[in-house]
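The values are calculated or read from the model by the stated rules, or taken from the named source; none is laboratory data. It should be emphasised that the depicted structure is a prediction, and the values quoted were computed from it without experimental measurement. Note that each Cβ is placed from the backbone with ideal geometry, even for glycine, and that neighbours are counted across all protein chains shown. These area figures cover heavy atoms from the full protein model, side chains too; ligands, DNA and RNA do not enter into them. Shrake-Rupley method; radii C 1.70, N 1.55, O 1.52, S 1.80 Å.
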Amino acid sequence: MSVTKPQGTIMGHPKGLFLLFTTELWERFSYYAMRAILVLYLVDKVKSEGGHGLGWTQADAISLYGTFTGLVYLTPLIGGWIADNFLGQRKTIMIGGALMALGQFTLALPHAWLPGMETEVFYLGLFTLIIGNGLFKPNISTMVGDLYEEGDHRRDGAFTIFYMGINVGAFLSGIVVGSVVAYYDGNYQVGFLAAGIGMVLSLIIQMVFAQKLLGDIGTVPAAKLEKERNAAKGQVRKEPLTKIERDRIKVIMVMGLFTIVFWAGFEQAGGLMNLFTNDFTDRMIGSWEVPTTWFQSLNAMFIVIFAPVIASIWVRMGKSEPNSPVKFAMGLFFLAVGFLFMMGAVVEMGGDPTVKSSMWWLVGAYFFHTIGELCLSPIGLSMVTKLAPLRLASLMMGAWFLFIAAANKIGGVVGSFIGHGGAKEEQLANAMSIFAGIAITAVVSAILLYFMADKLVDWMHGAEDAHDHTLEEAVEEEIAVTAEHEAMKH
């Protein structure tokens, strides 16, 4: 993009990268803090019964959670279009961030201020969050790429740094919001207030330093510049899809179906697994009880620790490195292993809900889910950019996010099978059935995809050809690809 870029670097990167890093860190803190307590708030008792929640059934709460996270993946398609065609990225981010802060503060309004309107105000807060997220999410990571000229070797390293910001924010969110809620005797609205403060910090940082550190980046709508460029070159004639292009699109569609299976299982973290942690897990360490939301930080911590490890393993395997469909199948297999740990937690309880399961089952489950994510997450967006015809790249990316949106909604429906407030014994039995069902589905999908892998690679028509890199270059590139997916996934 031909815009004025500011001078000055830190650690060899433009100073603007560290502004975007900090902006995203606090925005992700805000989102994940809210996500960590959303279901817990919904199922907590209403105020008249001594609680701070809305008194929903677990099934309704998890279903709503699935709808919310599904919409979180749909609205960025609109937000990206608005930024590209009308407002530019910077204005869109500021408007989106302001709406997200407003949404968090709406959720934080004390019930005593809203007699009889608690549910309506809650929906208003969620709606505002969804719209704000749609405006913010797709544009911040795009600006990271705009800091560098085409072919700049620092771009991969930049996304690696940005990726750390995402996961530092996600890690801190569960720890901070859980501690705040516990300190205020289970008042979840204080947690939403903390999330809103995080979003305000993100906005202030962007507002104060953007012009100085980003220059004109993100101020001009990308589509305007692109139209001017195309006009200078002459209109490009529309052409029908070739056989190679059709085959590559088929790969995207097939892999999209398997991505639904993975993310529908993975997203139980904020729903069913969150409730299981709260109700059926022994979280005591001596006389201190670990807040439920702290377990939501495990995924971010494991990603930061193991992303370089997984990336280096692929590189060291050399020509034996699995192709993308096989890595995808491995991701599904590790997802299933994670749910075997959840089944182990239920078995340990022996059907008695008064017997709490060890928290180490949860740690194991989150560990294997993260390893599965690291096998799979670099594939998604990277594969779309490699396989989609250039003239259909945006359309195919939109289709890919539709798969993930569907996965989140399906995950909510699956998790809701825990039941509508039945006996604890019934909920425990239902949880066992859900964990087992997801594990079996993931294993069957992994096996099916493994045997389809060679055919899918054939349909890629050489898009997976290997290139020689040093170990350091290849690890950095792998982490950067993971980072770009994390930026959009989260």
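Could you list, ordered by first residue, the pairs with Cβ atoms under 6 Å in which the first is in segment 12-39 and within 14 Å of Phe159 (Cβ to Cβ) and the second is open to solvent by 10 Å² or more (accessible area, probe 1.4 Å) and assigned to a strand (DSSP E or B), at least 6 apart or interchain?
That search, which allows pairs on different chains as well, returns Phe18/Ile10.
Mind telling me which of the residues Val220, Val200, Val168 ends up being within 20 Å of Met94 (Cβ to Cβ) and modelled with pLDDT under 95?
None of the other options fit; the residue is Val220.
Specify which of the listed residues (Trp81, Trp56) is surrounded by fewer than 23 Cβ atoms within 10 Å (Cβ to Cβ), within 14 Å of Lys137 (Cβ to Cβ), over 15 Å from the mean Cα position of the chain (by Cα) and without any contact (Cβ under 8 Å) to a residue 24 or more places away in the chain.
Going through Trp81, Trp56 in turn, the sole match is Trp81.
Looking at segment 341-351, can you tell me whether even one residue there is within 23 Å of Ala442 (Cα to Cα), open to solvent by less than 10 Å² (accessible area, probe 1.4 Å) and of a type in the set (Val, Ile, Thr)?
Looking for residues that are within 23 Å of Ala442 (Cα to Cα), open to solvent by less than 10 Å² (accessible area, probe 1.4 Å) and of a type in the set (Val, Ile, Thr), one finds none in segment 341-351, hence no.
Among the residues of segment 304-324, which ones are of a type in the set (Gly, Ala, Ser) and surrounded by 15 or more Cβ atoms within 10 Å (Cβ to Cβ)?
Ala307, Ala311, Ser312, Ser324
Would you confirm, using the coordinates I've provided, whether Thr160 is surrounded by fewer than 18 Cβ atoms within 10 Å (Cβ to Cβ), polar (S, T, N, Q) and either out of contact with any strand residue (DSSP E or B) (no Cβ under 9 Å at 6 or more places or on another chain) or over 17 Å from Leu25 (Cβ atoms) (or both)?
Here the answer is no, as Thr160 does not meet what is asked.
Do we have any residue at all in segment 109-124 that's modelled with pLDDT under 90, of a type in the set (Asp, Glu) and either surrounded by fewer than 22 Cβ atoms within 10 Å (Cβ to Cβ) or assigned to a helix (DSSP H, G or I) (or both)?
No, every residue in segment 109-124 fails to be modelled with pLDDT under 90, of a type in the set (Asp, Glu) and either surrounded by fewer than 22 Cβ atoms within 10 Å (Cβ to Cβ) or assigned to a helix (DSSP H, G or I) (or both).
Looking at the structure I just gave you, is Val355 over 19 Å from the mean Cα position of the chain (by Cα), more than 19 Å from Met255 (Cα to Cα) and β-branched (Val, Ile, Thr)?
Yes.
Among the residues of segment 16-45, write down those that are in contact with a Gly (Cβ under 6 Å, 6 or more places away or on another chain) and among the charged types (D, E, K, R).
Glu24, Arg28, Arg35, Asp44, Lys45
Is it true that some residue in segment 373-380 is out of contact with any Leu (no Cβ under 7 Å at 6 or more places or on another chain), part of a helix (DSSP H, G or I), touching a residue at least 40 places away in the same chain (Cβ under 8 Å) and open to solvent by 10 Å² or more (accessible area, probe 1.4 Å)?
No; the residues of segment 373-380 include none that is out of contact with any Leu (no Cβ under 7 Å at 6 or more places or on another chain), part of a helix (DSSP H, G or I), touching a residue at least 40 places away in the same chain (Cβ under 8 Å) and open to solvent by 10 Å² or more (accessible area, probe 1.4 Å).
I'd like the full set of residues that are among the small types (Gly, Ala, Ser) and at pLDDT below 95, limited to segment 317-370.
Of everything in segment 317-370, those that are among the small types (Gly, Ala, Ser) and at pLDDT below 95 turn out to be Gly318, Ser320, Ser324, Gly350, Gly351.
Starting from residues that are in contact with a Lys or Arg (Cβ under 8 Å, 6 or more places away or on another chain) and part of a helix (DSSP H, G or I), keep the ones in segment 144-165 and report whichever is modelled with the lowest pLDDT.
By that ranking, first place goes to Gly145.
Met301 - would you say it is within 24 Å of the chain's Cα centre (by Cα), under 20 Å from Met383 (Cα atoms), open to solvent by 20 Å² or more (accessible area, probe 1.4 Å) and not β-branched (Val, Ile, Thr)?
Considered against the rule, which asks whether it is within 24 Å of the chain's Cα centre (by Cα), under 20 Å from Met383 (Cα atoms), open to solvent by 20 Å² or more (accessible area, probe 1.4 Å) and not β-branched (Val, Ile, Thr), Met301 comes out as no.
Suppose the filter is more than 22 Å from Leu99 (Cβ to Cβ) and under 26 Å from the mean Cα position of the chain (by Cα); does Ala182 pass it?
Yes.
Do any residues in segment 249-278 that are under 24 Å from Leu390 (Cα atoms) have Cβ atoms under 8 Å from those of residues that are basic (Lys, Arg), where the two are at least six apart or on different chains, and which pairs are they?
Once the first residue is under 24 Å from Leu390 (Cα atoms) and sits in segment 249-278, no partner that is basic (Lys, Arg) comes close enough.
Hey, any hits in segment 248-264 for a residue that's within 17 Å of Leu38 (Cβ to Cβ) and buried (at least 17 other Cβ atoms within 10 Å of the Cβ)?
no
Residues that are without any contact (Cβ under 8 Å) to a residue 40 or more places away in the chain, open to solvent by 10 Å² or more (accessible area, probe 1.4 Å) and part of a helix (DSSP H, G or I): does segment 126-141 have at least one?
yes
Restricting to segment 281-298, name every residue that is out of contact with any Leu (no Cβ under 7 Å at 6 or more places or on another chain) and open to solvent by less than 50 Å² (accessible area, probe 1.4 Å).
Hits for segment 281-298 are Arg283, Val290, Pro291, Thr293, Gln296, Ser297, Leu298.
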